[in-house]
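The structure appears right after this line, and notes come after that.
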Amino acid sequence: MKIEYSVIILALSIAFSGFWIGNALKQDNALKPNNVEMALTDDTLSISEAADYLKISEDSIKKIIILEEKSIEQGGSFSMMFPYSKIYDQYVFSKKSLDQWVQEKVKTQSEYSVEGIKSR
């Protein structure tokens, strides 16, 4: 008789725990995907979109990236490098990061040219 009650209590505990964990996971998953999707679709840019956003050419973006990489190789440093990620040879940018980069370059009065990068 004692064993029967133990089995019933154990079964009820397992069922209650499963229900409780399942509901917690549903609520957690319901909140995440929409927020992530919105952040990616609203803020993420391709190289052509980033060029349009900054009102410069795609080539200028690539040159800025190359100039900064060369400067780092030669021992230079930056308070903030041009923000990008490369996924399977495709550049990806964030509007928010581009805005921060532009603000930083305005503060330091940075100039990008064929000769290199100059900050005042």
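The values are calculated or read from the model by the stated rules, or taken from the named source; none is laboratory data. The structure presented is a predicted model; accordingly, all values stated were derived computationally and were not measured. Note that we place each Cβ from the backbone using ideal geometry, even for glycine, and neighbour counts take in every protein chain shown.
Specify which of the listed residues (Met38, Met1) is modelled with pLDDT under 65, surrounded by 10 or more Cβ atoms within 10 Å (Cβ to Cβ) and not β-branched (Val, Ile, Thr). Show your work before the answer.
Details: Met1 fails: surrounded by 10 or more Cβ atoms within 10 Å (Cβ to Cβ).
When all the criteria are applied, what remains is Met38.
Does segment 72-90 contain at least one residue that is surrounded by 12 or more Cβ atoms within 10 Å (Cβ to Cβ), basic (Lys, Arg) and touching a strand residue (DSSP E or B) at 6+ places or on another chain (Cβ under 8 Å)?
Of all residues in segment 72-90, those surrounded by 12 or more Cβ atoms within 10 Å (Cβ to Cβ) come to 72, 76, 78, 80-84.
Narrowing the set further to residues that are basic (Lys, Arg) leaves none.
No: zero hits.
Give me a count of the residues in segment 73-96 that are out of contact with any helix residue (DSSP H, G or I) (no Cβ under 6 Å at 6 or more places or on another chain) and under 15 Å from Ala51 (Cβ atoms).
The total comes to 3.
Within segment 42-78, how many residues turn out to be within 17 Å of Thr108 (Cα to Cα) and touching an Asp or Glu at 6+ places or on another chain (Cβ under 6 Å)? Break it down into steps so the answer makes sense when it comes.
To start, the set of residues in segment 42-78 that are within 17 Å of Thr108 (Cα to Cα) comprises 64, 67-68, 71, 76-78.
Adding the requirement that they be touching an Asp or Glu at 6+ places or on another chain (Cβ under 6 Å) leaves none.
Total satisfying the criteria: 0.
Is it true that Ile9 is over 25 Å from the mean Cα position of the chain (by Cα) and at pLDDT 70 or above?
Numbers: over 25 Å from the mean Cα position of the chain (by Cα): yes; at pLDDT 70 or above: yes.
When the stated conditions are applied, Ile9 passes them.
Under 9 Å between Cβ atoms, which residue pairs at least 6 apart in sequence (or on different chains) link something in segment 101-118 that is on the phi > 0 side of the Ramachandran plot with a partner that is assigned to a helix (DSSP H, G or I)?
Gly116/Leu67; Gly116/Lys70; Gly116/Ser71
Output the residue which, of all residues in segment 71-83 that are assigned to a loop (DSSP other than H, G, I, E, B) and free of Cβ contacts under 8 Å to residues at least 24 places away in the same chain, is nearest to the chain's Cα centre (by Cα).
To start, the set of residues in segment 71-83 that are assigned to a loop (DSSP other than H, G, I, E, B) comprises 74-83.
After this cut, where a residue has to be free of Cβ contacts under 8 Å to residues at least 24 places away in the same chain as well, the list is 74-75, 77-78, 81-83.
Numbers: Gln74: 28, Gly75: 27, Ser77: 23, Phe78: 20, Met81: 15, Phe82: 14, Pro83: 10 Å.
In this case the residue turns out to be Pro83.
What about Asp99, is it more than 17 Å from the chain's Cα centre (by Cα), loosely packed, with under 15 Cβ neighbours inside 10 Å and part of a helix (DSSP H, G or I)? Full working, then the answer.
Values: more than 17 Å from the chain's Cα centre (by Cα): no; loosely packed, with under 15 Cβ neighbours inside 10 Å: yes; part of a helix (DSSP H, G or I): yes.
Criteria not met by Asp99.
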